[in-house]
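Below is one structure, written out as structure tokens; the observations come after it.
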Amino acid sequence: MAGALASLKIVEVGEMVSAPYCSKLLADMGAEVVKVERPGIGDRARTRGPFPGDKPNPETSGLFLYLNTNKRSVTLDITKPEGFEMLEKLVARADILIHNVTPPEMDRVGLTYERMCRANPKLIMTSILPFGLTGPYRNYRAEDLTIWCAGGVCVLNGGGPEHPELPPLKTAGHQAGYQGGVHGATATIAAAFAQLRDGAGQHIEVSVQESIASILEMTFEYWPYMKMIATRLGQKPLQPVETMQCKDGYIYLCCIEEHQWRNFVEIMGNPEWAEMEIFKDRLVRALNWDALKPMLEEWVSQQTVLDLYRKAQAKRVPFAPVSTMGDLLDSEHLKARGFFVEIAQPVAGTHKYPGAPLKYARTPWEIRRPAPTLGQHNAEVFGKELGLSDARLDELKRKGVI
């Protein structure tokens, strides 16, 4: 069977993570995606590693290879009139345009929904932007670090209460971009349903800052309920909620409910110190965490991760092993589910990639093609599908349009 979104045709003008991840999610579910890249340069993600053998190559970037499966690549300079005209021709044949061109660049090249609608009145256009299209931050440029901070997460990350001298920290990789991409994909699918119902497209704008702020869990409630400002600094209101080191790795401890704590004390063999008045309940344990933590660390350091996890599991205490990438690759569970998939790419070779975190009973998720080389499909898309002659393509190449 064809993929769930096999009828959708998408044009992506995206770099790095947010827009490419958005369209990748749709492409892996069957949508046809044409990725527009800058001539000679391509998506900036092509410059980011890891690279096989640590040898930089724009065709072998691990980040690019992962984010662009199931897409075709064309090169097009949309800042030039002839290039933008060709973009309009691509959009006229599509259902959806996904991009993360910043608002100042949108203004400069004329990438507006009104103009795109003239090429395709039913178009859905998804704009994934650092701060959205309105507000005082509209024109700000931002990398992942900036948006992660602006979204309110960095203040929760860092060295923790024990190291107040350390600054706030972002998480590894491009997490803000992935969150923007997920929100963009969800909104785009919803708009596609509305398009089927109403026969009309619409413009979707995704603020990556707001995507981050919307996943802050309980932090908004800290002040009205506990008169606390959520931060990585200061005392936690409940304990133990901590990652600690075992003999062979790390484990996350969470036993803030009294029955969970009592069961953990039993696992530890009912040490005498656990009956001390300063550890009598969860609030007092949090107040005296500086005394409790070393005792727990000493005991946990003598355990193995899997043994402690299983003992806690049997007692219904919610501990969790902290998996490394190697642990995930070797996971028997993930192997049984076929999560990692091998993909052969003509330049990068064959490697394992994260696969689908979901299963379709009838319309499969699948990798139909590896990430494209730069401009791999120029002749196919511009020549065969848009009807441009070889002579015209050669002319456009000489002008730097493609």
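The values are calculated or read from the model by the stated rules, or taken from the named source; none is laboratory data. Because the structure is predicted, anything quoted here is derived from the model rather than measured. Note that each Cβ is placed from the backbone with ideal geometry, even for glycine, and that neighbours are counted across all protein chains shown.
Suppose we filter Gly152, Gly132, Gly173 for residues that are farther than 27 Å from Pro357 by Cβ and either of a type in the set (Ser, Thr, Tyr) or outside any helix (DSSP H, G or I) (or both); which single one remains? Quick ask: steps written out before the conclusion?
Values: Gly152 fails: farther than 27 Å from Pro357 by Cβ; Gly173 fails: farther than 27 Å from Pro357 by Cβ.
Within the list Gly152, Gly132, Gly173, the selection yields Gly132.
Out of Asn270, Asn263, which single residue is of a type outside the set (A, V, I, L, M) and part of a loop (DSSP other than H, G, I, E, B)? Walk me through how you get there before you give the answer.
Values: Asn263 fails: part of a loop (DSSP other than H, G, I, E, B).
Selected residue: Asn270, the only one of Asn270, Asn263 that is of a type outside the set (A, V, I, L, M) and part of a loop (DSSP other than H, G, I, E, B).
For the range 56-77, what are the residues that are under 14 Å from Leu26 (Cα atoms) and in a loop (DSSP other than H, G, I, E, B)?
Asn68, Thr69, Asn70
May I ask you to list the residues in the range 4-62 that are surrounded by fewer than 20 Cβ atoms within 10 Å (Cβ to Cβ) and within 17 Å of Arg93 (Cα to Cα)?
Hits for the range 4-62 are Ala6, Ser7, Lys9.
For every residue, the table says whether it meets (1) under 23 Å from the mean Cα position of the chain (by Cα); (2) assigned to a loop (DSSP other than H, G, I, E, B); (3) surrounded by 13 or more Cβ atoms within 10 Å (Cβ to Cβ).
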{"residue": "His333", "(1), (2), (3)": "yes, no, no"}
{"residue": "Val341", "(1), (2), (3)": "yes, no, yes"}
{"residue": "Pro357", "(1), (2), (3)": "yes, yes, no"}
{"residue": "Tyr360", "(1), (2), (3)": "yes, yes, yes"}
{"residue": "Trp365", "(1), (2), (3)": "yes, yes, yes"}
{"residue": "Arg369", "(1), (2), (3)": "yes, yes, yes"}
{"residue": "Ala379", "(1), (2), (3)": "no, no, yes"}
{"residue": "Phe382", "(1), (2), (3)": "no, no, yes"}
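Inside the range 204-242, can you point out the residues that are farther than 30 Å from Ile98 by Cβ, surrounded by fewer than 15 Cβ atoms within 10 Å (Cβ to Cβ) and among the acidic types (Asp, Glu)?
Hit for the range 204-242 is Glu221, nothing else.
For the range 220-235, indicate whether the set of residues that are touching a residue at least 12 places away in the same chain (Cβ under 8 Å), in the same structural domain as Leu308 (by TED's automatic domain parsing) and either farther than 18 Å from Arg316 by Cβ or of a type in the set (S, T, N, Q) (or both) is non-empty.
We begin by selecting, within the range 220-235, every residue touching a residue at least 12 places away in the same chain (Cβ under 8 Å); these are 230-235.
Next, from what is left, pick out any that are in the same structural domain as Leu308 (by TED's automatic domain parsing): none.
No; the residues of the range 220-235 include none that is touching a residue at least 12 places away in the same chain (Cβ under 8 Å), in the same structural domain as Leu308 (by TED's automatic domain parsing) and either farther than 18 Å from Arg316 by Cβ or of a type in the set (S, T, N, Q) (or both).
For the range 134-163, give me the residue count where each residue is touching a Lys or Arg at 6+ places or on another chain (Cβ under 9 Å), over 28 Å from Ile10 (Cβ atoms) and in contact (Cβ under 8 Å) with a residue 24 or more places away in the chain.
So the count comes out to 9.
Suppose we keep only residues that are surrounded by fewer than 15 Cβ atoms within 10 Å (Cβ to Cβ) and in contact (Cβ under 8 Å) with a residue 12 or more places away in the chain within the range 260-286. Which one would you say is farthest from Pro321 (Cα to Cα)?
Top of the filtered list is Ile278.
Here are some residues: Leu308, Leu329. Which one is under 36 Å from the mean Cα position of the chain (by Cα), touching a residue at least 60 places away in the same chain (Cβ under 8 Å) and either in a helix (DSSP H, G or I) or surrounded by 11 or more Cβ atoms within 10 Å (Cβ to Cβ) (or both)?
Leu308
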